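Asks: There's a structure below that I have some questions on.
The values are calculated or read from the model by the stated rules, or taken from the named source; none is laboratory data. This one's a predicted model, so the numbers in the text were calculated from it and none came from an experiment. Cβ: placed from backbone, ideal geometry, glycine included. Neighbour counts: every protein chain shown. Areas reflect the complete protein model, heavy atoms only, side chains present, ligands, DNA and RNA absent. Shrake-Rupley method; radii C 1.70, N 1.55, O 1.52, S 1.80 Å.
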Amino acid sequence: MTPDDVLGTVIRSHLSELSEQEKAEIFAQKIESPAVRKMDEQSMLQWCKASGFSDNAIEMMAAANGFLGGLMYFSALSFVRVGGNYGEMEEIAGGSALLPAALADKLKSKPRMGCEVIRLERDDDASEATAVYVEENSIKREVGDFVLCTIPFPVLSKLDNPFSASKHRAIREFSYVSATKVLAVTNRRFWEIEDGIYGGSTSSDLPISTIHYPSDNAQAKTHAISANPSVLLASYTTGNLARHLAHLPEQERYRIVQQNLAKIHPQVNQNGTIQSMESWSWDNHRWSLGAWSLIRPYQQSSLYEHGIAPEGRIYFAGEHTSTNQGWMQSALESSLRAVQEILVEASKA
Ligand SMILES: Cc1cc2nc3c(=O)[nH]c(=O)nc-3n(C[C@H](O)[C@H](O)[C@H](O)COP(=O)(O)OP(=O)(O)OC[C@H]3O[C@@H](n4cnc5c(N)ncnc54)[C@H](O)[C@@H]3O)c2cc1C
């Protein structure tokens, strides 16, 4: 059996027990049916065990599935939600940064960068909400009819917030995935010239987890591009592995990545192949403090509604408030929901 066979069997055997109506509830905000509630209550690991697979088979499947494999202790419901998008990923040619730039282009009132929100305030009697922020060392206030807050919950938990106890609990307890990426600048695309790998990824059970190869030369396979310097995503880790790498001193992190990368691509130990390395840990970055949110068992039924509920005139959006957590699409979907909620509230005035 291949890793895909194991994963496919686990998912199919459980989903085949659901009626069409129950399947339609998988992305619902409020889950009514006992069968989908059970998906919220069980971890993905429990599903794998219930399908009769050995620990070795589960480990093989997890190692071969990159970041999906790191989600065994999250709920089966969240695994199915995230996994549902995994096979159909598209790439924005030219880089993902083009998406927010294109959205910003359409806005009449442009986003103001460099403003750190330090406090939210609400005045329910006046039907107002305020964002207090720091811009160029000055504390400023923006008062409005509504505030739409998309700050990731780990960051929001550090702010001075006028929220109910249930909202505070949701902000504290929403679980987030850890992720670390280590990039290597190389003097040539040895993986293309010498190994014939054009795009795609290599998953492993090494501490570096998954290697991702640039896709920009995957179709054309132009030799001149292969022969020029490039950037390799030498290690993309989630969960424990991401935290372990993130906590190492920088040079030690790079040494371990190179050492393990060499087990798959020995060329990286040739003098001059790796020119430099850079890394990013979402856990350690002050504006994220985690990579993306993903619910653990029981969190959809006990926490989610409190996470998205407005607090006075403060409304909430962002990928963490979507039932389709973890994607750019999640952030877009959540903002549609929140804007609809705001319009309904505004129409009551
Ligand atoms: C490693 C990794 C890989 C991913 N891969 C993919 C992928 O392949 N495809 C995909 O669709 N999605 C992917 N995602 C998920 C996607 O990036 C997120 O779901 C999406 O960016 C969430 O958008 P958001 O607006 O909710 O949050 P964010 O993009 O996190 O935006 C929140 C913003 O709030 C700002 N902020 C934080 N604190 C404050 C404050 N106090 N004051 C003011 N501003 C503040 C932050 O600087 C940030 O700009 C990936 C995420 C990670 C971490």
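For every residue, the table says whether it meets (1) aliphatic (A, V, I, L, M); (2) within 22 Å of Val177 (Cβ to Cβ).
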| position | (1), (2) |
| --- | --- |
| Arg37 | no, no |
| Leu45 | yes, yes |
| Ser75 | no, yes |
| Met89 | yes, yes |
| Ala104 | yes, no |
| Leu107 | yes, no |
| Lys110 | no, no |
| Met113 | yes, no |
| Glu116 | no, no |
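Asks: Evaluate the stretch 36-43: report whether one residue or more is crowded, with 20+ Cβ neighbours inside 10 Å, away from the ligand (no atom under 16 Å from the Cβ) and of a type outside the set (Asp, Glu).
Replies: yes
Asks: How about the stretch 326-349: which of its residues are within 23 Å of Ser75 (Cβ to Cβ) and not in a helix (DSSP H, G or I)?
Replies: Residues satisfying the conditions are Gly326, Trp327.
Asks: Follow-up. Name the single residue, out of those in the stretch 97-113 being in a helix (DSSP H, G or I) and of a type outside the set (A, V, I, L, M), that is most open to solvent (accessible area, probe 1.4 Å).
Replies: Lys106
Asks: Considering only helices (runs of 4 or more DSSP H) fully contained in the stretch 210-295, which possess at least 1 residues that are crowded, with 20+ Cβ neighbours inside 10 Å and without any contact (Cβ under 8 Å) to a residue 12 or more places away in the chain?
Replies: Answer list for the stretch 210-295: none.
Asks: Spot the failing condition for Ala64; the list is (1) in contact with a Pro (Cβ under 8 Å, 6 or more places away or on another chain); (2) surrounded by 14 or more Cβ atoms within 10 Å (Cβ to Cβ); (3) free of Cβ contacts under 8 Å to residues at least 40 places away in the same chain, and only one is missed.
Replies: Tallying (1) in contact with a Pro (Cβ under 8 Å, 6 or more places away or on another chain); (2) surrounded by 14 or more Cβ atoms within 10 Å (Cβ to Cβ); (3) free of Cβ contacts under 8 Å to residues at least 40 places away in the same chain, Ala64 fails exactly one: (3).
Asks: Related question: Take the stretch 1-25 and flag every residue that is surrounded by 11 or more Cβ atoms within 10 Å (Cβ to Cβ), of a type in the set (Asp, Glu) and part of a helix (DSSP H, G or I).
Replies: Of everything in the stretch 1-25, those that are surrounded by 11 or more Cβ atoms within 10 Å (Cβ to Cβ), of a type in the set (Asp, Glu) and part of a helix (DSSP H, G or I) turn out to be Asp4, Asp5, Glu22.
Asks: For the stretch 114-206, which fully contained strands (runs of 3 or more DSSP E) count at least 1 residues that are open to solvent by less than 20 Å² (accessible area, probe 1.4 Å) and in the same structural domain as Val268 (by TED's automatic domain parsing)?
Replies: Strands (runs of 3 or more DSSP E) meeting the threshold: 179-186.
Asks: Considering only residues that are under 12 Å from the mean Cα position of the chain (by Cα), touching a residue at least 40 places away in the same chain (Cβ under 8 Å) and open to solvent by less than 30 Å² (accessible area, probe 1.4 Å), look in the stretch 296-332 and name the one that is farthest from the ligand (Cβ to nearest atom).
Replies: Among them, the one singled out is Asn324.
Asks: For the stretch 110-134, give me each residue that is in contact (Cβ under 8 Å) with a residue 60 or more places away in the chain and either out of contact with any Pro (no Cβ under 7 Å at 6 or more places or on another chain) or within 16 Å of Val155 (Cα to Cα) (or both).
Replies: Leu120, Asp123, Asp124, Ser127, Glu128, Ala129 - these are the residues of the stretch 110-134 that are in contact (Cβ under 8 Å) with a residue 60 or more places away in the chain and either out of contact with any Pro (no Cβ under 7 Å at 6 or more places or on another chain) or within 16 Å of Val155 (Cα to Cα) (or both).
Asks: Looking at Ala262, Ala218, Ala291, which one is more than 16 Å from the ligand (Cβ to nearest atom) and in contact with a Phe, Trp or Tyr (Cβ under 7 Å, 6 or more places away or on another chain)?
Replies: The unique qualifying residue is Ala218.
Asks: Is there a residue in the stretch 57-76 that is hydrophobic (A, V, I, L, M, F, W, C), in a helix (DSSP H, G or I) and within 16 Å of the ligand (Cβ to nearest atom)?
Replies: Yes: one or more hits.
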